[in-house]
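The values are calculated or read from the model by the stated rules, or taken from the named source; none is laboratory data. Predicted, not measured: the structure shown is a model, and the values here were computed from it. Heads up, the Cβs are rebuilt from the backbone with ideal geometry, glycines too, and the neighbour counts pull from every protein chain shown. Calculation scope for accessible area: heavy atoms of the full protein, side chains included, ligands and nucleic acids excluded. Shrake-Rupley method; radii C 1.70, N 1.55, O 1.52, S 1.80 Å.
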Amino acid sequence: MPSEQQLSDVLSEFARTLVTDFPIQAILDHLVKRIVDVMPISGAGVTLISPGTDPRYVAASNDAALHFEQLQSELGEGPCLQAYSTGEAVAIADLSTDPRFPTFSRRAAADGLAAAFTFPLRDGSQRLGALDLYRDTPGPLDARAMAAAQTLADVAAAYLQNAQARTDLQNASARSLQTSLHDGLTGLANRELLLERLEHAVIRSHRSGRMVAVLFADLDRFKLVNDLHGHTVGDELLVAISRRLTTILREEDTLARMSGDEFVILCEELESRTPVEAIAARVAKAFERPFQLSRCEVTIRASIGVAYSSGDDRGPEALLQDADAAMYQVKRQGGGKHGVLDLREQTIAINRGHLERDARGAAARGELHAEYQPIVDLHDGRVIGMEALLRWDHPTRGLVLPSTAIPLAERSDAIGEIGQWMIERGCIDLQHWHDDLNPLMMTVNVSAHELMSLEYPGLVAGLLAATHTDPRLLTLEMTETAFVQDSERAAVVLNELKEIGVGLALDDFGTGYSSLTYLKRYPIDMVKIDREFVIDMEHDPVSLAIVAALIDLAHALSMTVVAEGVETPAQRDHLAALGCDHCQGYYFARPMTVDDIDLVMGPDPAQTRLPALHGFRSPR
Ligand code: C2E
Ligand code: CA
Ligand code: CA
């Protein structure tokens, strides 16, 4: 039976296989080899099953295991296929008495197999294949060993998805031609088909002058359904939702499943917004009644955002992004409620053109300010740094949050001036707090757009010199978007920044493609684990295992790990137990203005231990 230590060792090893850019086959080979070392079994095998024409990857720890894998494929019968199709583990403690797979059992027993335990490789609603553990003596595996094996299978599946995402990215153009246009689970239009229809709809609307609307619905806490009831129920729920939504649409609308738990409705040829408002209300209402599934009843809510095309030249992707941003704002406001983006926000989306224009020159007009969120050392609660967060006080719209401001600043090229303003402001405010003995670190977010410019390192050096700031006190936070866009150029810019002496942090780790390979390829000093992972970690052993492996790996590469969005003492304790270095989140402090920080922490935040009061709020 594996000890906790062995299990965690195996998990960290998986993380390392990714760093060395292992392909899928290598991950599988590694899985079967290591699992035999830590479990009371005589062999292990994996088969990956993909519904399309893709190859089936098979790996086995020895010839006998390979033979049993192939036997199952050949017969089309056995625990592997059952685990794959049901998403549940299958245990055959004694092949000679178990009636379920007669042909496989008879032939495998003749070749010396006595017991088999099979675990699905699954990731969200996706099924990838199954892991088989084989034994030459009969008897059950105890509950802990079964749970450990499933955890290993889940972690392997998460990494396989990651490797698959990398491959997909590489083959994206080749593949996009072949992707089918419908979602396999619900039969709805998929992302590709939706984008195609949206593109045509936008072109038609230019001719006809009629509007196009996009409704973006994202289920709240869908993950919890999967965790509580299993993925089979999660899948069933998605199908039930797609059926219910289909019934409330008009003939000419398109309903699509974008990914996981995201649905989009496209409405075209609109004379006014009235029909869309009616549909949005019906969608919201559709989630008020519980969904009757085969084994249980599930109540779930959704956050809904709406965006309208306004006759400008913006492409379909931009419209989708607006609807997504609108949905996100609903989620932020409601958190667990459902609702439609209110009209004021809609106006913001519609008038985004104006806001884009307004973003230019906002820095020069004095409309920007910064808030700072303390970064806290997990061991002693000491404030070791501040993250600078942009706030834009729009003269007529009031406060515009960065989730809205940054994307539109990127589109209007105002991002350059805003980014520079933030660095300058951060450096000046850093001096305000300066303590020679315990200098604070200032972290500033940088958009991928800025990083892509070869002049950027020179600009940063100039700002540091102008504000007399020690480069070692500044850390730039960036997401992996920059690396995905142009990895060669990113490497050049990052290496130059490194030469100047500033620190580099990888932000929002755990979202997007999250390839651990970036950590090794670029000169990164710090990894920030995304809030979603911190939330999931508490109820999802797989997220927990990945966070543990990530911390371990980052340390092996001499990087610091910061966890974001820590809201509870339980999360803090978990992270401390895993050896995480620093934390940030409402539990310690919300983002605050310099004046507010002075008020609650005094002139020297480096002397403050948080949480002094639980997650103190901005006093305003
Ligand atoms: P981020 O870099 O991940 O920043 C953390 C965000 O999480 C901030 O939102 C912060 O207020 C919020 N947050 C911190 N602790 C907690 C918590 O415990 N719970 C919850 N629910 N949220 C927490 P904010 O200020 O709205 O910023 C959003 C994003 O906008 C940032 O995400 C960053 O990506 C971007 N951003 C902010 N300022 C700038 C900037 O100056 N330049 C660029 N390029 N991007 C910026
Ligand atoms: Ca950040
Ligand atoms: Ca972040």
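When you go through (1) at pLDDT below 90; (2) surrounded by 20 or more Cβ atoms within 10 Å (Cβ to Cβ) one by one for Ile535, which number turns out not to apply?
Tallying (1) at pLDDT below 90; (2) surrounded by 20 or more Cβ atoms within 10 Å (Cβ to Cβ), Ile535 fails exactly one: (2).
Taking Asp525 as the residue in question, decide whether it is at pLDDT 85 or above, touching an Asp or Glu at 6+ places or on another chain (Cβ under 9 Å) and farther than 23 Å from Thr151 by Cα. Talk me through it step by step, then tell me what you get.
Working: at pLDDT 85 or above: yes; touching an Asp or Glu at 6+ places or on another chain (Cβ under 9 Å): no; farther than 23 Å from Thr151 by Cα: yes.
It is false that Asp525 is at pLDDT 85 or above, touching an Asp or Glu at 6+ places or on another chain (Cβ under 9 Å) and farther than 23 Å from Thr151 by Cα.
Being within 16 Å of Glu424 (Cβ to Cβ), within 15 Å of ligand 1 (Cβ to nearest atom) and of a type in the set (S, T, N, Q) is the filter here; which residues of segment 459-491 pass it?
Let us first name the residues in segment 459-491 that are within 16 Å of Glu424 (Cβ to Cβ), namely 459-471, 473-476.
Okay, now just the ones that are also within 15 Å of ligand 1 (Cβ to nearest atom), so 459-460, 463, 474-476.
The one that is within 16 Å of Glu424 (Cβ to Cβ), within 15 Å of ligand 1 (Cβ to nearest atom) and of a type in the set (S, T, N, Q): Thr475.
Of Ala563, Ala505, which residue is under 16 Å from the mean Cα position of the chain (by Cα), open to solvent by less than 10 Å² (accessible area, probe 1.4 Å) and in contact (Cβ under 8 Å) with a residue 12 or more places away in the chain?
Ala563
Just one of (1) closer than 28 Å to Arg122 by Cβ; (2) surrounded by 22 or more Cβ atoms within 10 Å (Cβ to Cβ); (3) more than 16 Å from ligand 2 (Cβ to nearest atom) trips up Arg572, so point out which.
(1)
Which residues, counting only those in segment 428-457, are touching a strand residue (DSSP E or B) at 6+ places or on another chain (Cβ under 7 Å), part of a loop (DSSP other than H, G, I, E, B) and under 15 Å from Val383 (Cα atoms)?
Answer for segment 428-457, where residues must be touching a strand residue (DSSP E or B) at 6+ places or on another chain (Cβ under 7 Å), part of a loop (DSSP other than H, G, I, E, B) and under 15 Å from Val383 (Cα atoms): just Leu440.
Note down all Cβ pairs under 7 Å where the first residue falls in segment 599-615 and is of a type in the set (Ser, Thr, Tyr), the second is surrounded by 13 or more Cβ atoms within 10 Å (Cβ to Cβ) and modelled with pLDDT of 85 or more, and they're at least six residues apart or on different chains.
Thr608/Val383; Thr608/Met601
Against the definition (under 30 Å from Asp123 (Cα atoms) and β-branched (Val, Ile, Thr)), how does Val202 come out, yes or no?
Answer is no for this residue.
Any chance segment 330-337 includes a residue that's more than 16 Å from ligand 2 (Cβ to nearest atom) and either at pLDDT 70 or above or assigned by TED's automatic domain parsing to the domain that holds Val400 (or both)?
Yes, some residue in segment 330-337 is more than 16 Å from ligand 2 (Cβ to nearest atom) and either at pLDDT 70 or above or assigned by TED's automatic domain parsing to the domain that holds Val400 (or both).
Could you grab me the full set of residues in segment 472-498 that are closer than 19 Å to Gln420 by Cα and away from ligand 2 (no atom under 13 Å from the Cβ)? Walk me through how you get there before you give the answer.
Taking segment 472-498 and keeping what is closer than 19 Å to Gln420 by Cα, we get 472-479, 482, 490, 493-494, 496-498.
Selection gives Arg472, Leu473, Leu474, Ala482, Ala490, Val493, Leu494, Glu496, Leu497, Lys498.
Which residue, of Gly381, Gly419, is in contact with an Asp or Glu (Cβ under 6 Å, 6 or more places away or on another chain) and within 25 Å of Asp530 (Cβ to Cβ)?
Numbers: Gly381 fails: in contact with an Asp or Glu (Cβ under 6 Å, 6 or more places away or on another chain).
Unique residue meeting the criteria: Gly419.
Please indicate, with yes or no, whether at least one residue in segment 172-182 is open to solvent by less than 50 Å² (accessible area, probe 1.4 Å), in contact with a helix residue (DSSP H, G or I) (Cβ under 8 Å, 6 or more places away or on another chain) and at pLDDT 70 or above.
no
Look at Phe588 and say whether it is aromatic (Phe, Trp, Tyr) and within 27 Å of Ala147 (Cα to Cα). Write out each step before concluding.
Numbers: aromatic (Phe, Trp, Tyr): yes; within 27 Å of Ala147 (Cα to Cα): no.
No: the conditions fail for Phe588.
What helices (runs of 4 or more DSSP H) lie completely within segment 492-603 and have 3 or more residues being within 16 Å of ligand 1 (Cβ to nearest atom)? Outline the logic, then answer.
On the way: elements: 517-521, 531-537, 541-556, 569-577, 594-601.
Where helices (runs of 4 or more DSSP H) fall fully within segment 492-603 and carry at least 3 residues being within 16 Å of ligand 1 (Cβ to nearest atom), they are 531-537, 569-577, 594-601.
Which of the residues spanning segment 184-201 are open to solvent by 80 Å² or more (accessible area, probe 1.4 Å) and free of Cβ contacts under 8 Å to residues at least 60 places away in the same chain?
The answer is Glu196, His200.
Only one of (1) within 16 Å of ligand 3 (Cβ to nearest atom); (2) more than 15 Å from Met386 (Cα to Cα) fails for Ser558. Which number is that?
Every condition holds for Ser558 apart from (1).
In segment 385-427, what residues are surrounded by fewer than 17 Cβ atoms within 10 Å (Cβ to Cβ), of a type in the set (Gly, Ala, Ser) and part of a strand (DSSP E or B)?
Passing the criteria: only Gly398.
Output yes when any residue across segment 502-510 is modelled with pLDDT of 95 or more, within 13 Å of Cys583 (Cβ to Cβ), within 15 Å of ligand 2 (Cβ to nearest atom) and touching a helix residue (DSSP H, G or I) at 6+ places or on another chain (Cβ under 8 Å), and no when none is. Please lay out each step first, then the result.
Filtering segment 502-510 for residues modelled with pLDDT of 95 or more gives 502-505.
After this cut, where a residue has to be within 13 Å of Cys583 (Cβ to Cβ) as well, the list is none.
Scanning segment 502-510, I find no residue that is modelled with pLDDT of 95 or more, within 13 Å of Cys583 (Cβ to Cβ), within 15 Å of ligand 2 (Cβ to nearest atom) and touching a helix residue (DSSP H, G or I) at 6+ places or on another chain (Cβ under 8 Å), so the answer is no.
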